[in-house]
1. Multiplying the sequence separation of I63 and E193 by 0.36 nm and subtracting their Cα-Cα distance, what value in nm do you get?
2. Can you give me the solvent accessible area of D395 with a 1.4 Å probe, rounded to the nearest 10 Å²?
3. Please compute the volume of the convex hull spanned by the alpha-carbon atoms of segment 113-159 and report it per residue in Å³.
4. Once phi is turned into ³J(HN,Hα) by the Karplus curve 6.51 cos²θ - 1.76 cosθ + 1.60 with θ = phi - 60°, what whole-Hz value does each residue of segment 174-186 show in order, with x for glycine and proline?
5. Express in Å², to the nearest 10, the accessible area of L390 obtained by rolling a 1.4 Å probe over the protein heavy atoms while all chains stay in place.
6. Ordered by residue, what ³J(HN,Hα) values in Hz, to whole numbers, does segment 304-320 give under the Karplus form 6.51 cos²θ - 1.76 cosθ + 1.60, where θ = phi - 60° and Gly and Pro are x?
7. Keeping all protein chains in place, calculate the accessible area per residue for segment 282-407 (probe 1.4 angstrom), answer in Å².
8. Could you put R88, R311, R290 in order of accessible surface area, largest first, with the 1.4 Å probe and the full protein assembly present?
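The values are calculated or read from the model by the stated rules, or taken from the named source; none is laboratory data. The shown structure was predicted, so the numbers you read here are calculated from the model rather than taken from an experiment. What goes into the accessible areas is simple: the full protein's heavy atoms, side chains included, and nothing from ligands, DNA or RNA. Shrake-Rupley method; radii C 1.70, N 1.55, O 1.52, S 1.80 Å.
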Amino acid sequence: MSSVANHGHTARRINYLGRQHHPSCFVTPFRNTFSAFAATRGRSSQLRIVADASYAAQTNGKIPGAGKVVCIGEALFDLIADQKGLPREKVKSWTPYAGGAPCNVATAASRLGLDVTFVTALGDDEWAEKLLDVCRERGVRLHAVQRPKGRRTRDVYVVRDATGDREFAGFGLPGTGEEYADAFIDQEELPLEELQPGAVLVTGTLGLSYPVTAAALRRAVAAARAQGATVLIDVNWRPVFWSDAEAAKKIILEYLTSADIIKLSDADLEALLGIKLALALINPAAVAERLPNARGVLITAGAEGAAYWFRSPNKGEHSGVVPAFDVGVTDTTGAGDAFTAGFIVKMMQAGGLDALSANPRLLKEAVVFASAAGASTCTRAGAIEGQPTLEFVQDLYDTSKKWYNFW
């Protein structure tokens, strides 16, 4: 077992996104991009996130010819317990990490060279300013960020068991988080003019649990479809955001009917569709059959691999399973979001969804590249802090050419 000290955690050598069928590729952990100090709302002076310019430096230009990416949804701070094996009330200190799946995709995609606008709602507080700083450092466009009066930025408490595995321990506010700022994204302030042909709209489903934000998500999706943009929806099932889990599943499934591409984790797959991962890995089309409106389905499954199914413009179907890159893992948070960003990069480089889905080789390469992006993120703590540059992902992706048959 190899281990590398990083953010106080021990890296463990595992396969990310698949069983090891091929020679392994061990990723050297990144230098610390951010230093985070435990914080509480009453001690805001101790909340600092400092960019390390020596690591943060990357290619200033964007990928030539790539379209706009618009991500809409939550941005938050995960407060991770510093002490393992304790309930929330006994934890003495917490380390904040910026996150929220749509925010993670936005920062990852921008870092990989895409032109990204992030749409969210943040409170009038220091958490919001820190999140904005993180997004600016990644080069994300923030002109569509809303600041509703009297609302707080979302914070999520996460405890760790004795082995380091994480468990949600509640919000900073009571209930399902319905009073946070991101529950009030105003549909009248959306940058709908950016959802043109060649653009990609990325949303999750957590915002559907809040009526105001749900209306904004649905309007953005409708505009994207009407104006020729591609809609990618990441299920990201989190029952703690919903007061009625069964009703939530129906709402999510209805929302997915408007997606061009649907991304699910293995947990999403079973919770929402009742499909076992083993079946999805053997026959990705079985998942697509349950989501008949989608043109493409992506399934990420941690150590078990990534599966995909896409329907080409001529109605042909292409599917497959991608094994993992073997990396030194510090933290898997945000790996699936980096996977999404990596896939979008390759889709845009291919010329869009039509071109990608019509070419089985390019499609497979896109999923392998996405897996490399997700794996790279695992080598450092924090969903955003660990995100790699395009050059880093490309170097890892290039190692796959030694053992993948791309025809």
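1. Values: separation 130, 0.36 × 130 = 46.80 nm, distance 2.12 nm.
Net length gain for the segment: 44.7 nm.
2. D395 has an accessible surface of roughly 100 Å² with all protein chains in place.
3. Considering the Cα atoms of segment 113-159, their hull volume per residue is 91 Å³.
4. With coefficients 6.51, -1.76 and 1.60, one gets x, x, 9, x, 6, 9, 6, 4, 6, 7, 10, 6, 8 Hz.
5. 40
6. Each residue of segment 304-320 in turn: 8, x, 10, 10, 8, 8, 9, 9, 7, x, 8, 6, x, 10, 10, 8, x Hz.
7. Ligands and nucleic acids excluded, the figure is 31 Å² per residue.
8. Solvent-accessible surface, decreasing: R290, R88, R311.
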